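Worksheet: the structure to be examined is printed underneath.
Nothing in this text is a laboratory measurement; each read-out follows from the coordinates by a stated rule. Keep in mind that what you see is a predicted model, and the values were worked out from it rather than measured. Don't worry about glycine lacking a Cβ; one is built from the backbone with ideal geometry, like all the others, and counts go over all protein chains shown.
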Amino acid sequence: MKKILPIYLSLIFVLTGCSSLSSLKFWGSDEEEIEKPSELYEIESTTSIEIKWKKKAGDYLSDGRIIPSIEGEVLYHGASDGSITSFSSIDGKEIWSNNLNHSISGSIESGFRNLFYGTLDGQVVSLNQKDGSLNWISKVTSEVLAPPVTDGRIVAVQSADGSITGFNFRTGEQEWIHQVSVPNLSLRGTSIPFISEGFIFTGFSTGNVAMLYPDSGAVRLELPVSVNEGTSELDRITDIDGRGVVANNFLVSATYQGHIMSIDLRSGRQAWKEEVSTTKDLVESRSRIVVIEDTDNVKAFGLSTGAILWEQSGLKLRQLSSPVESRGRVAMGDFEGYLHILDSKDGKFIGRKKISNKPIKELSSSGNDIIALDSSGRLFFLSLR
């Protein structure tokens, strides 16, 4: 049976008695001094962060990825307690709310006048975007830990057992399933599939990244970003748990304790590859691929060359959220409720604001607007100027 590990290595509970435990160093051991999170220093802020509104929007649980979605002047949010709510992005007023008593763990995809989310018991749900009424419910082979994705014809859903399933957009009937062999041990999480250039892109716990035809699920391209090497199962964990990037005919993806790799989609061959360990989403800004490493060191690689263009070490061990891009700026939240803004050109701090007393877990962006979700389930609608 496949073993699934939380990202922050609560491995001791899963692997008690395993010989590989001896190679791990846990916080608080006598072998090394505990490294503390970076202290924040005063910055010269050139970007202001305005909180337009904030609102409690259901509960937040650590299982899966619950990411707010904004479309036009409407914000959609699916909370882990089962509530789906539509808000005005202008003033935060509720437009409609629905609760089907699901344990939501992968939300929320909005598009083509519909909403989609996944649950811990393997359900995929489609709602009408206008009023939240139910369109259909379908089933996948395992729990859903990432938002679905759609092109208006197919709804693609990745589940924790490594499979990705395509459903008919209108009826919810299963059209295809793509399954992969998964390693015995992996992190708890899945890659977030996305659609670009008419294809579905996603990564797997094998360390492979794939490009699929939406209509059939057939593989157009599949390559290893990292190879499962090492003397123990722990050493061989090379999951892809973050969303990749497609830009200027390059596909870029990164793995845990492995590599970041760029594939030239015109030739299907590796363009460049560098050592990296991350479980977070990648973002592209100004032809730079920004990655947050497991230590919360932030790096930018040249999209076409893979050259390291800058590093920002001022946020190390601050338990950063996945980053989002906002018109040449990169935003990320931390464990103390701060929102940090970096200039994607050189990695320098250009803005910072404490928006919550709780950790910031997820961000999404639209133009100059940032939506943040903290660990208490509170939403913050922010404007960058």
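A compact table of results
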item: Set of aspartates and glutamates with alpha-carbon distance to Lys139 below 15 Å, sequence-local pairs under 8 removed; result: Asp121, Asp161, Glu173, Glu175
item: Packing rank of 257-266, 151-160, 129-138, where each peptide gets the mean count of other beta carbons within 10 Å, highest leading; result: 151-160, 257-266, 129-138
item: Gap separating the Cα centres of the range 111-168 and the range 60-89, nearest whole Å; result: 14
item: Residue among His77, Ser163, Ser133 farthest towards the positive dipole end of the range 33-191, charges placed on Cβ; result: Ser133
item: Long pairs among Lys54/Lys358; Lys273/Lys353; Lys316/Lys348; Lys299/Lys361; Lys130/Lys354; Lys52/Lys361, criterion Cα-Cα beyond 24 Å; result: Lys273/Lys353; Lys130/Lys354
item: Dipole magnitude of the chain about its Cα centre (Cβ charges: Lys, Arg +1; Asp, Glu -1), debye to nearest 20; result: 840
item: Spin-label model distance (nm) - Glu42 vs Ala307, 7 Å beyond Cα toward Cβ; result: 3.6
item: Set of the range 52-79 residues, backbone N closer than 20 Å to the point 7 Å along the Cα-Cβ line of Ser103; result: 58-67, 78-79
item: Local electrostatic count at Asn368 - Lys and Arg +1, Asp and Glu -1, tallied over other residues with Cβ under 13 Å; result: +1
item: Distance cut-off 35 Å, percentage of C-alpha pairs in the range 40-384 lying past it; result: 17
item: Simple label model, 7 Å out from Cα along Cβ direction - Glu173 to Lys139, nm; result: 1.8
item: Peptide ranges 93-100, 33-40, 348-355 listed from the most packed, as the mean C-beta count within 10 angstrom indicates; result: 348-355, 93-100, 33-40
item: Within the range 63-204: Cβ-based charge dipole about Cα centre, in debye rounded to nearest 20 (Lys, Arg +1; Asp, Glu -1); result: 120
